[in-house]
Amino acid sequence: MGVRRWTDHEPSCREAAIPGTLLPMKTAECDILIIPGLGNSGPDHWQTRWERKLPTARRVEQTDWERPDRAAWTARLVAAVAAATRPVVLVAHSLGVIAVAEAAPLMGDKVRGAFLVAPPDVARPDMPPTIHHSYGAAPRDPLPFPSMVIASRTDPYCGFEAADEMAAAWGSVLVDAGDAGHINTQSGHGPWPEGLTRFATLLGRI
């Protein structure tokens, strides 16, 4: 399956279409589910900032953020989607992206799109032991909704080629974020206005 690539230097990215989309969606018309990764997203993380900024956003809470259990994380996400009263847009970071891929076949047709940032290569031997305890390779089945993967060329948890392969398998648009680390607070992505622009692009095509 092919994958469309955008870069942060591509001026025409807003004009690119995502296959399978319907009418443009506004944030007020959907439930935005924030899905953090290992350790949760702290107060300065871009996910937390977006949660405060976007009135329809809420976080999918996990019982244990430090010792992720694949089945439990998947079940929490599926339940959050089921409880939504409007169409759902997912905003996932790191291990939260893998949770989306795991839950995708179980979420029905409420999900209209997914914004997937810095997916980790969970099959790598240098992943934290708490991840290896519950996760093997990330699912490679195509996602049943439009999606965008934002991947860094300097992510310590995933090589760009691995992120490229995941995006292709999922049928996602791939955005090359360049030298951006793990796209979290530590890499300087607190406010992350470029991310909001990309998110707006996704919403404009679903």
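What to note about this one:
- Amide H partners (placed H, <5 Å) of Val175, local residues excluded: Trp6, Val149, Ile150, Ala151
- Backbone HN-Hα couplings from phi across segment 47-52 [Karplus 6.51/-1.76/1.60, Hz, Gly and Pro as x]: 5, 5, 4, 5, 4, 6
- Leading residue at positive end of dipole, the chain (Cβ point charges), from Pro55, Trp73, Gly190: Pro55
- Where labels lie 7 Å past Cα in the beta-carbon direction, separation of Arg52 and Arg86 in nm: 2.2
- When only the Cβ of Lys, Arg, Asp and Glu is charged (+1, +1, -1, -1), the dipole of the chain relative to its Cα centre reaches about 660 debye.
- Gly39 long-range amide H proximity, modeled H, under 5 Å: Glu66
- Integer Hz, Karplus 6.51/-1.76/1.60 couplings in order for segment 105-111, x for Gly and Pro: x, 10, 9, x, 9, 6, 7
- Ordering Leu116, Leu202 from the fewest to the most neighbouring beta carbons within 10 Å gives Leu202, Leu116.
- Hull shadow area, averaged, the chain [alpha-carbon convex hull, nm²]: 10.1
- Förster radius 25 Å - calculated FRET efficiency between Glu161 and Leu106, Cβ distance, rounded to 0.05: 0.30
Here, each number is a calculation from the coordinates, and none is a lab measurement. All values derive from a computational prediction rather than experimental measurement. No Cβ is skipped: glycine too gets one built from the backbone with ideal geometry, and neighbour counts run over all protein chains shown.
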